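Single-structure report; data block below.
The values are calculated or read from the model by the stated rules, or taken from the named source; none is laboratory data. Not measured: the values here are computed from a predicted model. FYI the Cβ positions are ideal-geometry reconstructions off the backbone, even for glycines, and counts take in every protein chain you see. Note: accessible area is taken over every heavy atom of the protein model, side chains too, but ligands, DNA and RNA are not part of it. Shrake-Rupley method; radii C 1.70, N 1.55, O 1.52, S 1.80 Å.
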Amino acid sequence: MQSIIQLSKHLMGLWRGDIREHTLIVPILEHLACVASDHPLNLLDVRAVIPTLLVFEYYHPDLCNALEDYFIHAADGIPLRVFQNILKIFAVVGHARVDNQALVAACRAGFERYRDAMNALEVLQLVRDICEIQCYPEDLINCVFNSEFLEQLHQFVEANYYDRYYDRYHRVNQTLTVLNRIVVLDCPELRLPWIQDQYCRKFRTKEFNLSPLNKQLFTEVLGGSQYFQEGVRAPYNYGIAVECCLDANKSLLRWTRRPAERSDSHERVAVLLLDQRHMCYNSHRPKGRVQIKRRHLELLGYRVVHVPQSEIQYDDETSKSAKVDYLSNLIFG
């Protein structure tokens with residue numbers, strides 16, 4: 001049986017050789033997950049598998065559970081970069097457990113150990129990754145959202161970033177926006193204010209415009225363009241591909257931006273169109289950020305419908321009819 005290190009090297013060799021054939025790569029990834037679940041991982045295994053998971057963005061529960069067990073039980077001996085990359089992997093693929101007290105404790109212990117070894121941006125990114133996997137240690141969150149740290153972050157950016165054609169704070173603000181939004185919506189008890197509104201107004205989420213074929217499909221499914229709006233911007237700078245509204249009998253209502261015209265009995269439906277960028281490798285599993293977006297839109301009162309782009313592509317009227325039925329079942333189901 002090949003080792004984790006050998007399998008990881010093989011996969012990275014395929015990646016560097018620009019060989020992306022799923023029928024070749026998927027069996028190796030599945031074998032890697034099988035091997036990882038058969039015995040406890042050590043540091044050499046983890047160092048080997050991290051680049052593979054980062055480039056493929058592959059999710060397998062057994063593999064992520066094995067990596068989490070290592071993270072929790074070897075917390076005292078995990079190097080900083082390994083610590084950061086494991087949390088980044090979990091955040092990307094959306095790995096989270098309902099009972100995560102041990103994971104929170106390991107995150108807190110690692111943060112305290114490496115706090116002084118990280119620059120301000122690394123601290124911000126690490127706390128964001130921790131919160132993205134539904135761990136919300138209040139002390140770590142408070143380390144970021146205070147005037148002293150935000151000033152340190154400002155000084156770090158001023159000293160290390162310069163681009164005359166690009167807002168040097170853009171990357172930092174994107175990270176801060178993700179974290180701020182998570183804490184505001186997932187941890188209302190912390191009473192953290194939404195401090196990124198001004199930034200979001202300046203750098204709004206790009207409007208999502210339907211392709212002509214997709215617009216025609218939605219128009220047919222929803223009975224006319226007056227019943228939906230494309231490219232909607234929801235609160236907290238979330239973009240929605242298509243929004244429509246149903247009454248208590250699942251009948252469509254004319255779309256309106258005015259909340260006063262909506263009843264509590266009306267159901268707001270947010271359709272999110274997903275392509276492979278939004279899903280883990282070779283699957284329809286949404287990545288972590290997409291899972292967070294769905295959870296947050298539901299907290300904001302939407303019923304969220306995920307639609308893989310590949311499922312609504314059609315070539316002729318026969319296949320179009322099947323796509324109409326598929327989309328109708330998702331929206332009205």
What order, most packed first, do the peptides 319-326, 274-281 have when packing is the mean number of other Cβ atoms within 10 Å of each residue? 274-281, 319-326
Go ahead and estimate [θ] at 222 nm for the chain from helices alone: -39,500 (n - 2.57) per DSSP H run with n ≥ 4, summed, over the residue count, rounded to 500. -17000 deg cm²/dmol
Ignoring any ligand, DNA or RNA, what whole percent of the accessible area of the chain comes from carbon and sulfur when the probe is 1.4 angstrom? 49 percent
Taking a crude spin-label model, label points 7 Å out from Cα along the C-beta direction, the Val324 to Gln226 distance in nm is 2.0 nm
Could you report the accessible area of Cys34 in Å², rounded to 10, computed with a 1.4 Å probe on the protein chains as they sit in the structure? 60 Å²
Under a straight-distance cross-link criterion of Cα-Cα below 22 Å, which lysines are reachable from Lys320, leaving out those fewer than 8 residues away in the same chain? Lys215
Give me the Å³ per residue figure for the convex hull around the C-alpha atoms of the chain. 179 Å³
Net charge near Val307 (other residues with Cβ under 11 Å of its Cβ; Lys, Arg +1; Asp, Glu -1) is -1
Do you know the relative contact order of the chain, to the nearest whole percent, from alpha carbon pairs under 8 angstrom that are 6+ apart? 13 percent
Over all directions, how big on average is the projection of the convex hull of the alpha-carbon atoms in the stretch 51-90, in square nanometres? 2.6 nm²
Contact order relative to length of the stretch 264-324, as percent, for alpha carbon pairs under 8 angstrom and 6 or more apart: 41 percent
Can you give the extra length, in nm with one decimal, that the chain gains between Glu21 and His266 once fully stretched, where that is 0.36 nm per residue apart less the Cα-Cα distance? 83.6 nm
How much length, in nm to one decimal, is gained on full extension between Lys9 and Gln101, taken as 0.36 nm per residue of separation minus their Cα-Cα distance? 29.8 nm
Note: Arg289 to Tyr314 extended length (0.36 nm per residue) minus current alpha-carbon separation gives 6.2 nm
Quick one: pull the percentage of alpha-carbon pairs in the stretch 99-251 with a separation above 28 Å. 39 percent
Rounded if a/c is under 1.5, else prolate if a/b beats b/c, else oblate: with a ≥ b ≥ c from the C-alpha gyration tensor eigenvalues square-rooted, which is the stretch 190-319? oblate
